[in-house]
Amino acid sequence: MLTGKQKRHLRALGHKLKPVILIGKKEIEEALINEVNTALDHHELIKVKLLESCTLDKHESSDLLASACNADVAQILGKTFLLYRPATTPTIVLPTDAKPAKAKPA
């Protein structure tokens, strides 16, 4: 599960990405899930776009695809969403929520 800070970081990285996966009228089937898994293995963070011919809701399709690929949804914006799954050797370093300790006044 991603924290708010981690999602903001991934949204900033995903802003410049072009959609790697397009979901059309065939919707989500086994071949699409395999393609998403391959893309996540290679990129870690991918952008998925729902075409006009897709009858699935954006929230339904993002949740279905994320659970099928063991990934996290980083953002849903319009008909586009970001999926993130860390690779075996991650290239994206996520920020931690650990707050630095405050220095005590002398």
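Every read-out reported here was derived from the displayed coordinates using simple, explicitly stated rules and does not represent laboratory data. Computed from a predicted model, the values in this text were never measured in an experiment. All Cβ positions, glycine included, derive from the backbone under ideal geometry; neighbour counts span all protein chains shown.
Observations on the model:
- Note on GLU60, GLU35: ascending count of other Cβ atoms within 10 Å places them as GLU60, GLU35, the fewest first.
- Pairwise label distance in nanometres, LEU51 with ALA31, each label 7 Å out on the Cα-Cβ vector: 1.2 nm
- Least to most buried among ARG11, ARG85 (fewest other Cβ within 10 Å first): ARG11, ARG85
- Computed from phi, the 3J(HN,Hα) profile of region 70-87 under the Karplus parametrisation 6.51, -1.76, 1.60 (θ = phi - 60°) reads 6, 10, 10, 8, 8, 6, 10, 9, x, 9, 10, 9, 9, 10, 10, 9, x, 7 Hz, with x in place of Gly and Pro.
- For the chain, the longest principal axis of the Cα atoms and the long axis of helix 30-43 meet at an angle of about 30 degrees.
- Taking VAL20, VAL36, VAL93 and counting other C-beta atoms within 10 Å, the order from fewest to most: VAL93, VAL20, VAL36
- Between GLY78, GLY14, GLY24, the residue with the greatest mean-square fluctuation in the GNM of the chain (Cα pairs under 10 Å linked by springs) is GLY78.
- Unit Cα scatterers, Debye sum, region 26-102: log10 I(q)/I(0) for q = 0.21, 0.25, 0.27 Å⁻¹: -0.93, -1.22, -1.36
- Relative contact order computed over region 4-84 (Cα-Cα under 8 Å; 6+ residues apart), in percent: 34 percent
- Looking at the chain alone, DSSP beta bridges between its own residues are antiparallel in about 75 percent of cases.
- Amide H within-cut-off set for GLN75, under 5 Å, with H built and near neighbours excluded: LEU82
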